[in-house]
Amino acid sequence: MSTLELIGLTKRFSGRPVVNDVSLSVADGEFVCILGPSGCGKSTTLRMIGGFEEATQGDVRIDGASVLDLPPNRRPTAMVFQKYTLWPHMRVAENIAFGLGLRGLPRTEIEREVKQSLALVGLSGYDRRYPAQLSGGEQQRVALARALVLKPKLLLLDEPFSNLDALLRVRLREELHAIQRRIQITAVFVTHDQEEALSLADRIAVMNAGRLEQLDTPDQIYARPRTLFVADFIGQMNLLPATLEDGRLRLGRHVLPAPERLPGNMPLTVAVRPEDLAVVAPNRETDPGTLWQARIDQAIDLGHYRKILAFAPGLFVDAQAAGTVRLKIYAPKHFNAREGDPLWLRPDRYLVYPGGMAPIEIRQPLVAADHSASAIVM
Amino acid sequence: MTTRPIAPKTTNTVWPQRLKDHVLPYLLVAPPILLMTLLIFLPAGQAIVETVWIDGAVTVAEYIKFFQSPILTANLWFTFWITLATVGLLFVIGLPLSLYLRFARGRIAAAVQMLALFPLFVPGVILAYALIRAIGPHGLFDTLLHQIGIDGYVSPYLKPQGILIALVWQEIPFTVLVLTAGLRQVEDTMIESARDVGASDWQTFWRIIFPLIQRALVIVFSLNVIGTFGAFTIPYLLGPAQPMMMGVSMQQTFNNYMDRTGALTQAVLTFAFCAAVGVLYVRTVTRSPEGRP
Ligand SMILES: Nc1ncnc2c1ncn2[C@@H]1O[C@H](COP(=O)(O)OP(=O)(O)OP(=O)(O)O)[C@@H](O)[C@H]1O
Ligand SMILES: [Mg+2]
């Protein structure tokens, strides 16, 4: 049973806040990913949990007790670093046994533990090798075994797989997931790879410029990003400026149903996922105001589907945006898309971001004829 | 059936490759080997021959003479002793200094590094004279002590301590450079991993850092031993008249006593000792990198 709490955790390097008032709690056995762009303070946050960086403010609590006063060698955490983490002069078994030896365990017990942890990461029989005789993936597995063998309360991983090639990364990620589920260890995993975070985490903490933007399940992060940053950072998103006009959203020449009780006089942004932009047949009878007309600029084959980039000048007031911003659309593989072809689009689901506030989600019924019946989900 | 032999077309492409693989390396190592042969091995061989081939017969009389002379053996022991003390002090000062420079950041560390490397840019002679002016009799240090009312300062000038201080000062830059380079090979993550699994600072140093910088330690040890054992300028300018270090002793034997063979004998002994340490150096440097058995 181990929980982690960060309370108003802040780190400043010579006055510059690098981690800014981050509060979150991780439940027992939970796997939380800290996700964010390079330099946003993910590693610094993790290093404060592990004790490698002193917190400027705030608290780190493990099982309810503050660990701020403990040096890394006395914290109940174990860390797996990105690279150069094994000691090159020690064999695999010696690497894993080192921490156990420091704790004065009897030799037979050490040997048994080393064997067990090597089996756990699928490297039985590698104990006599030196790190230089292992592949990058094997080295990271040994590092994981070395961390787990100490039975830490909290496993910390700082981009442990980002030095590996894409295929291996996916495989190790799945193995880690299985191991974590099996031994039920509480884990915090830092990554800048959203696919990794989405596939591994029970919950994702999205960070930006030192702040925690959102802490939520992968589903919710994807479906309802709380801030424009998260909306833009996670997955593909079309972000369109809008204004409120006669109770409707105006985007250039087009209008969309607006949520009720929108605060007026605020810059609004409409966010539409590519998969929520339906490509519809050009039917003259449908309201031309609700369908967006676009022109295909580029079609990219992505295996089982096509990504289409299209200009939709009608959506923008700003002439420059009209000529440069391209909508991202997903179409089935057989969809015949030629450069310059016209395209009609209907946003089935979108999020409205009023200023810096939480978004309001709107679903349009599949039949576009009656848009007074738009469902509004708060 | 036409069985016209086709000229192997590959020869054209193979030749430059072969040139690169088999000829170029020899061309590259030829000049240094030639130079070393001409300037070191030939004279050294000649010297050895000259000390054992006397009046048309092989003899070790010169060496017996050396070891029977109390003055000369005292010189040899003195040289050993100074070398040991110098190298020991270099480790005692250089290792903590290098650890500090490896892990400290900021302006103070940069200043310390500059100070530590400073003697690198000062020729030995100038360094020796600067020391005489600073800590010699009636030098800066003496005067300062006198000003604040402390008398009876005993200068290390013309004493073994004088040689020690100057040699240590002169060799610190090299020691620190090599040790910090070795320490930089020890990645931060390796040290943090050790802390992470529960190692104290001392355990981290002894079990992780120390084994990983062994190569740097051996390089520092062997090159400092060789440099100190064969030192001349500093012992000549700062050392006592008796006993002398081997370098000074050789010069005296050659110039003052006009004993060419005696000087050569001392040179051969010095060379033999340094060469033995040199073997240690070469074996360490050419050994495969850490972790690759
Ligand atoms: N010791 C330090 N001194 C000064 N600034 C630092 C220090 N460590 C990190 N920083 C700065 O703090 C910011 C956050 O660094 P951090 O390593 O936490 O980012 P990150 O989110 O892990 O990025 P990445 O994905 O590139 O690893 C960066 O701008 C970095 O330059
Ligand atoms: Mg990082």
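The values are calculated or read from the model by the stated rules, or taken from the named source; none is laboratory data. Small disclaimer: the values here were computed from a predicted structure and weren't measured. Here the Cβ positions follow ideal geometry from the backbone for every residue, glycine too, while neighbour counts run over all protein chains shown. Heavy atoms of the whole protein, side chains included, go into the accessibility calculation; ligands, DNA and RNA do not. Shrake-Rupley method; radii C 1.70, N 1.55, O 1.52, S 1.80 Å.
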Can you tell me which residue within region A:33-59, out of those that are of a type in the set (A, V, I, L, M) and within 16 Å of ligand 2 (Cβ to nearest atom), is farthest from A:D216 (Cα to Cα)?
-> A:M48
Look through region A:55-87, keep the residues that are touching a Leu at 6+ places or on another chain (Cβ under 8 Å) and open to solvent by 30 Å² or more (accessible area, probe 1.4 Å), and return whichever of them is nearest to A:L155 (Cα to Cα).
-> A:P76
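Taking only region A:216-238 into account, find how many residues are open to solvent by 10 Å² or more (accessible area, probe 1.4 Å) and within 16 Å of ligand 1 (Cβ to nearest atom). Walk me through how you get there before you give the answer.
If we filter region A:216-238 for residues that are open to solvent by 10 Å² or more (accessible area, probe 1.4 Å), which is where we start, we get A:216-220, A:222-224, A:226-229, A:232-233, A:235-236.
Next, only the ones that are within 16 Å of ligand 1 (Cβ to nearest atom) stay: A:229, A:233.
The total comes to 2.
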If you scan region A:2-57, which residues turn out to be near ligand 1 (Cβ under 9 Å from one of its atoms) and within 14 Å of another protein chain (Cβ to nearest Cβ)?
-> A:F13, A:S14, A:S43, A:T44, A:L46, A:R47, A:E53
Go over the candidates A:M79, A:M90 one by one and state the one that is of a type in the set (A, V, I, L, M, F, W, C), more than 22 Å from A:F52 (Cα to Cα), within 10 Å of chain B (Cβ to nearest Cβ) and not in a helix (DSSP H, G or I).
-> A:M90
Answer with yes or no whether A:E111 is open to solvent by 60 Å² or more (accessible area, probe 1.4 Å) and over 30 Å from B:I213 (Cα atoms).
-> no
Scan region A:147-167 for residues that are open to solvent by less than 10 Å² (accessible area, probe 1.4 Å) and either assigned to a helix (DSSP H, G or I) or of a type in the set (A, V, I, L, M) (or both) and report the count.
-> 6
So, first residue touching a residue at least 24 places away in the same chain (Cβ under 8 Å) in region A:33-58, second residue within 6 Å of ligand 1 (Cβ to nearest atom) and among the hydroxyl-bearing types (S, T, Y), Cβ within less than 6 Å, six or more apart or across chains; the pairs are A:E53/A:T44
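For region B:194-214, which residues satisfy the criterion of being more than 8 Å from chain A (Cβ to nearest Cβ) and surrounded by fewer than 17 Cβ atoms within 10 Å (Cβ to Cβ)? Give the derivation first.
Applying the first criterion (more than 8 Å from chain A (Cβ to nearest Cβ)) to region B:194-214 yields B:201-202, B:204-206, B:209-210, B:213-214.
The answer is B:D201, B:W202, B:F205, B:W206, B:F210, B:Q214.
In region B:52-69, is there at least one residue being of a type outside the set (F, W, Y), closer than 22 Å to B:V268 by Cα, in contact (Cβ under 8 Å) with a residue 24 or more places away in the chain and open to solvent by 40 Å² or more (accessible area, probe 1.4 Å)?
Keep residues of region B:52-69 that are of a type outside the set (F, W, Y), which gives B:52, B:54-62, B:64-65, B:68-69.
Filter again for closer than 22 Å to B:V268 by Cα, leaving B:52, B:54-62, B:64-65, B:68-69.
Okay, now just the ones that are also in contact (Cβ under 8 Å) with a residue 24 or more places away in the chain, so B:54, B:62, B:65.
Adding the requirement that they be open to solvent by 40 Å² or more (accessible area, probe 1.4 Å) leaves B:54, B:65.
The answer is yes, given that some residue of region B:52-69 is of a type outside the set (F, W, Y), closer than 22 Å to B:V268 by Cα, in contact (Cβ under 8 Å) with a residue 24 or more places away in the chain and open to solvent by 40 Å² or more (accessible area, probe 1.4 Å).
Conditions tested, residue by residue: (1) over 30 Å from B:R184 (Cβ atoms); (2) out of contact with any helix residue (DSSP H, G or I) (no Cβ under 9 Å at 6 or more places or on another chain); (3) crowded, with 16+ Cβ neighbours inside 10 Å.
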{"site": "B:W81", "(1), (2), (3)": "yes, no, no"}
{"site": "B:T86", "(1), (2), (3)": "no, no, yes"}
{"site": "B:V92", "(1), (2), (3)": "no, yes, no"}
{"site": "B:R105", "(1), (2), (3)": "no, yes, no"}
{"site": "B:V122", "(1), (2), (3)": "no, no, no"}
{"site": "B:I126", "(1), (2), (3)": "yes, yes, no"}
{"site": "B:I132", "(1), (2), (3)": "yes, no, yes"}
{"site": "B:T143", "(1), (2), (3)": "yes, yes, no"}
If we keep only residues of region A:98-122 that are touching a residue at least 40 places away in the same chain (Cβ under 8 Å) and small (G, A, S), then the residue farthest from the other protein chains (Cβ to nearest Cβ) is A:G122
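In region B:71-82, is there at least one residue being part of a helix (DSSP H, G or I), of a type in the set (G, A, S) and assigned by TED's automatic domain parsing to the domain that holds B:P235? Working first, answer last.
Residues of region B:71-82 that are part of a helix (DSSP H, G or I), as a first pass: B:71-82.
Pick out the ones that are also of a type in the set (G, A, S) and you get B:74.
Remaining after also requiring assigned by TED's automatic domain parsing to the domain that holds B:P235: B:74.
Yes, that holds for at least one residue.
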